[in-house]
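Every read-out reported here was derived from the displayed coordinates using simple, explicitly stated rules and does not represent laboratory data. Computed from a predicted model, the values in this text were never measured in an experiment. Cβ coordinates were reconstructed from backbone atoms using ideal geometry, including for glycine residues, and neighbour counts include every protein chain displayed.
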C-alpha cells in the first residue's frame, strides 16, 4: 500500500510524500491517505485511528462519526452530479458539472465531467482542513479517518484522465479557446497539470501550448503553471514560482526558482501577481514536511 501525506493549497495544487511502510504515524494534525484496495485502506485508516484513540469504547464513537461523514459525502456526490446545489467548498466542481450538462458535444461533456471529478476529489482536502461540509463537527481522529478513506477513492483518477486526454489531443489537438472556449482550455489544462505520473506527456503538452499562448488560444498563466510543473517534475529550477511545499506548519515555500531576483517580473509578464501574495494564499496548517 502506498501511504501519502498531502501538503496542499489552492483548488488544484497538492504536494505528496510517499512511504513504503504502513501504517505510518502521521505528524499531529496532518491529513494522510493511502492508495490500495478498499479493505486495505480501511484497515490502515483504522490502525491510525487506534493509535490516536487507544480506548475501544471511545474509538468506536469516533469511528461512527467518521462513517457518518463518509455517508454524507456520498450523498453530496450524488447531489453534485445530479446538478443540485452544493455547499462550500465544492462549488467549483458544481460549475464544471453544469458545463458538462450544457456542453454542445459529447467530447466537451466528458472533458467537463472528468474535470469535475478532478476538482471534487481535490476539494476534499479543503473541506477537511477547514472542517466544513462533511468534516464539520468531527474530532481530529474521526476527521483523519474519514479523509483517509475518502481521498483514497481518487487514487487512479489522474491516470485515467491522462489516458483519456491523450487520446483526445492525439485525435483533435488542443481544446483551443477559439474553437471550444476558455472553460474548455482551463479544463484540459487542469487535467494536464495533474498528469504527474506521465511527465513526458506534460512535456509534450508544454511544447504544444507554447505557440498557442502567442495566438491567444490558451492562457499564458496556464502555460506558466505547466512550465513550472514540468521543470520541477524533471528536477530543474522552475521559472514562475508556482510549485512549492509546506516546510513547516504555516510555512509554504516555492521550490528552486531560476533567477529569483527577477521572479515577480516574470510572473507579471504572464498575468500572475507578486510571489508574496501567492504564498499568502497557501494553508500549511498541520502539514507534513514535503
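Computed extension gain for residue 204 through residue 156, at 0.36 nm per residue and net of the alpha carbon distance, reaches 15.1 nm. If you look at the Cα atoms of the stretch 151-223, you get an Rg and a Dmax of 12.2, 40 Å. This ranking places 100, 170, 234 by how few other beta-carbon atoms lie within 10 Å of each, fewest first, which gives 170, 234, 100. I need the Debye-formula profile for the stretch 77-220: one equal scatterer per C-alpha, no solvent, reported as log10 I(q)/I(0) at q = 0.16 1/Å, two decimals. Once normalised to I(0) and log-transformed, intensities are -0.89.
So how far, in whole Å, is the C-alpha centre of the stretch 111-155 from the one of the stretch 196-231? Cα centres, the stretch 111-155 to the stretch 196-231: 28 Å. Helix 157-172 against the longest principal axis of the chain: what's the angle in degrees, Cα atoms only, rounded to the nearest 10? Approximately 20 degrees, to the nearest 10.
Just check the stretch 157-281 against the gyration tensor rule for me: Cα atoms, a ≥ b ≥ c as the square roots of the eigenvalues, rounded for a/c under 1.5, and otherwise prolate or oblate depending on whether a/b exceeds b/c. Taking the square roots of the gyration eigenvalues as a ≥ b ≥ c, the stretch 157-281 is prolate. Panel order for 212, 46, by other beta carbons found within 10 Å of each beta carbon, from fewest to most: 46, 212. Once you order the gyration tensor axes a ≥ b ≥ c over the Cα atoms, which shape class does the stretch 64-145 get: rounded for a/c under 1.5, otherwise prolate or oblate by comparing a/b with b/c? It comes out prolate by the Cα gyration axes.
Note on residue 58/residue 265: beta-carbon distance plugged into 1/(1 + (r/R0)^6) with R0 of 45 Å gives a FRET efficiency of 0.20. Using alpha carbons only, the radius of gyration of the chain set against its Kirkwood radius gives Rg/Rh = 0.98.
Taking 0.36 nm per residue of separation and subtracting the Cα-Cα distance, full extension of the segment from residue 251 to residue 215 would add 9.2 nm.
Please determine, in degrees from 0 to 90 and to the nearest 10, the orientation of helix 140-152 with respect to the longest principal axis defined by the Cα atoms of the chain, where the helix direction is its Cα long axis. Tilt relative to the chain: about 50 degrees. Using C-alpha pairs under 8 Å with a sequence gap of at least 6, the mean separation divided by the residue count of the chain gives a relative contact order of 20 percent. Between residue 258 and residue 131, the contour length at 0.36 nm per residue exceeds the alpha carbon distance by 42.0 nm. Residues 150, 208, ranked from the fewest to the most other C-beta atoms within 10 Å, line up as 208, 150. Counting only alpha carbon atoms, the long axis of helix 106-130 and the longest principal axis of the chain meet at about 50°. Return the whole-Å distance between the Cα centroid of the stretch 77-107 and the Cα centroid of the stretch 262-286. After rounding, the separation between the Cα centres reads 29 Å.
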